[in-house]
Amino acid sequence: MTPEIDLTDLAVLTDPFTAYDRARETSAVAKLVIPGFGPFWALTRYAEARAMLADPRFEVRSESFMRPPGIPEHCLEYMKTMSEQDGPEHLRLRRLVAPAFTPKRAAQLRPRLAAITGKLLDALPAHAEDGVVDLVAHFARPLPMDVICELAGIPDADRPRWREYGAAVASGIGPDFSAAIPAIIEGAKEAVARSRAEPGDDLIGDLVRAQDDDRLTDTELVTLVWHLVLAGQTPVNLVANAVEALLRHPDQLKLLRADPALWPGAVEELMRFCSPQLLTTPRFAREDVEIDGELVRAGERVTAAMVAADRDPRVFDGADRLDVTRQGPAQLGFSHGPHFCLGASIARVETEVALSMLFDRYPGLTLAGDVPRAPDGGTWRPAALPLAL
């Protein structure tokens, strides 16, 4: 019998790991129950999930994404990001922008990422009340937006309002999210125009210098900045989840303190163990496909349940154990195949710098109360992370 996972069930929302683990050990395919959607399948085992993400029989469409309501007409042309495209057009855009997101480029950004992180860490004590600070509000949430502003060349004077945009995007679909979109797009237009006039040492400048007239249009560049804002919120929740996980596993934190060279591998393990993304962007079957005895019909939605696949005991020894020295198969937190996260290299370095500097600066860091979770069927994220400095 195919297991079912009800994404309106409070038990699933508060503990998705148990629900998906049970489903995975029953079948490689589970049925997701989502109000308003027809058949929706989740692949729960690593091999099947990874294979689907690279299988051309499954495609990403615009319908794979929930479009926020109330988007002004003049913004719509910027809403179709690279993530919503498949085939030759997706490949064209990805090849054009990929040089700006290489591991080498990410490594070159490390000093600037460290400077941004340091400023936020300096300010933490000022936000504390009775010695307790919310790491989500005052570190994890502003950090990625400050990084995006640095990458896109947003002037310092404009960055406070961009932080507000980032908070709205990170909070998920809602009126604040919809209201932030026109402002982000206008800011992106300004950044592109500024770079056209005088390309700077930033991501947009790199792309402007690298392109010919018939390569990236202004619309595509503005859309890329919007996409960066949207996708760049992943480190918000990854950093928060990782801090909580390490504080709850002091033996692993002790290993990292003793050997900082473990940090890059630890980021991969933390992405596997407590990735904020529970499910990948849904794909649509182009034709009937049988997976582990279950027939997925043409036109039906399929997602990879990373929350289950990355804890698959068939692939990972001691899959439910956090082990910062772990080596082995790549986790699926950044997806796989043609839609592998373009910004993964930057997200990795950003997370490594954030975590290592945080624990170095505040060696006595401890949890200071319960960690409330946002009820979100697609994302594992804390609503707040109270810490004693």
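Things worth noting here:
- Within straight-line cross-link reach of LYS189, lysines at Cα separation under 19 Å, skipping those fewer than 8 residues along the same chain: LYS80
- The chain - percent relative contact order, Cα under 8 Å, separation 6 or more: 26
- For the chain, fraction of C-alpha pairs farther apart than 28 Å, in %: 46
- The shape of the range 254-367 can be summarised by an equivalent ellipsoid whose semi-axes, obtained from the alpha carbon gyration tensor, come to 34, 16, 11 Å from longest to shortest.
- Note on the chain: GNM, Cα springs under 10 Å; of LYS80, LYS254, LYS189, the largest mean-square fluctuation is that of LYS254.
- For the chain, with +1 on Lys and Arg beta carbons and -1 on Asp and Glu, the positive-most of ALA106, LEU221, ALA308 along the dipole: ALA106
- Relative contact order [Cα under 8 Å, 6+ residues apart], the range 77-161, whole percent: 18
- Extension gain, VAL132-GLU198: 0.36 nm per intervening residue step, less the Cα-Cα distance, totals 19.3 nm.
- Net length gained if the chain between ILE71 and ARG286 were fully extended (0.36 nm per residue, minus Cα distance): 74.5 nm
- Pairs of C-alpha atoms in the range 249-301 farther apart than 15 Å represent 66 percent of all such pairs.
- Within the accessible area of the chain, the carbon and sulfur atoms contribute 53%, probe 1.4 Å, all protein chains present.
- Helices in the chain that qualify as membrane-span-like (whole DSSP H runs, Cα extent of at least 20 Å along the helix axis, mean Kyte-Doolittle hydropathy of -1.0 or higher) are 110-127, 175-197, 234-248, 344-361.
- Rough spin-label spacing in nm, given labels placed 7 Å along Cα→Cβ, for ASP9 and ASP158: 4.7
- Think of it as helices only: each DSSP H run of n ≥ 4 in the chain is worth -39500 (n - 2.57), and spread over all residues that comes to -14500 deg cm²/dmol at 222 nm.
- For the range 20-141, taking the reciprocal of the average inverse distance between every pair of different Cα atoms yields a Kirkwood hydrodynamic radius of 19.6 Å.
- Charge dipole magnitude, Cβ of K and R +1, D and E -1 - the chain, Cα centre, debye nearest 20: 560
- D_trans [Stokes-Einstein, Kirkwood Rh over alpha-carbon pairs] for the range 121-249, 25 °C, 0.890 mPa s, µm² s⁻¹: 155
- Span from the the range 12-49 Cα centroid across to the the range 256-310 one, whole angstrom: 11
- Where labels lie 7 Å past Cα in the beta-carbon direction, separation of ASP259 and THR18 in nm: 3.5
- Surface exposure of the chain, expressed per residue as accessible area with a 1.4 Å probe, stands at 43 Å².
The values are calculated or read from the model by the stated rules, or taken from the named source; none is laboratory data. None of the values given here were measured: they were computed from a predicted structure. Note: ideal-geometry Cβ built from the backbone for every residue, glycine included; neighbour counts use all protein chains shown. To get the accessible areas, we keep the full protein, side chains included, count just its heavy atoms, and leave off ligands, DNA and RNA. Shrake-Rupley method; radii C 1.70, N 1.55, O 1.52, S 1.80 Å.
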